[in-house]
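Data block below; observations after.
Read the figures in this text as sums done on the coordinates, not as results from a lab. Predicted model, so just to flag it, every value in this text is computed and none were measured. Every residue, glycine as well, gets a Cβ built from its backbone with ideal geometry; the counts of neighbours run over all protein chains shown.
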Amino acid sequence: MKITHENQIFNLPARVGILSDTHLNGDGSRLNERILKVFQKNQVVCIIHLGDINSLDVLIQLSSIAPTYGVRGNRDLHHARVLPEAMLLKNGALEIGATHGHGPMLRYLWDKAQYYAHGFEFKRYRTLLDSLFPAANIRLFGHTHVPYNQYHQEILYFNPGAACLPSKHDPHPSFGILHLESVDRIFGEIVQIYD
């Protein structure tokens, strides 16, 4: 999997907006206004979309708030082919790895079968993230629609959940903010779209 690199995109301390799995169609649908308002209120220096964008209009909306980066998800085959499958953002000693999390097709099919059999299991995604971003301090992924905000061996693994419309599968849509105080003081925040 090819990884795109972006260097020195902001200074610390900073806040970064994170979202994934918006699943908006190109029919004029717009992101929930709460996402935009929270990103504005927190003065995010950039926004990272972790795939399943479904419409490049989403990235245009987000870029009106801050510089926006995105990776391609498994549902972005037609609408967002221009996006990389994985991205590494570097800022001095800080490295942020970002991918949707579905991996190559065979891995995606195997994972789908595992998900139906066992549900969400972080270890399946950690293997992919660790192989893609062995030196990253922060490893971002989407795809699961399950928020995840945990440190493992001083590395933050962060999934903001799905920012799509509520459904029986996603009753609590969410997104996230990375708080980057310094290279040694980093934490993620999951924000519910609907209180």
## Note on the structure
Quick calc: nm separation of the 7 Å Cα→Cβ label points for Glu33 and Asn7 -> 4.2
### Query
How would you classify the chain from its alpha-carbon gyration tensor, with a ≥ b ≥ c the square roots of the eigenvalues: rounded for a/c under 1.5, else prolate if a/b is greater than b/c, otherwise oblate?
rounded
### Task
With a point put 7 Å past each Cα toward its Cβ, work out how far Ala113 is from His179 in nm, to one decimal.
4.3
### Task
Could you tell me whether segment 112-193 comes out rounded, prolate or oblate from its Cα gyration tensor? Rule is a ≥ b ≥ c as square roots of the eigenvalues, rounded for a/c under 1.5, then prolate if a/b exceeds b/c, otherwise oblate.
oblate
### Task
Using per-residue counts of other Cβ atoms within 10 Å, averaged over each peptide, order 180-192, 138-150, 108-120 from highest down.
138-150, 180-192, 108-120
### Task
Calculate the tail of P(r) for segment 32-140: the fraction of all Cα-Cα distances greater than 18 Å, expressed in %.
56
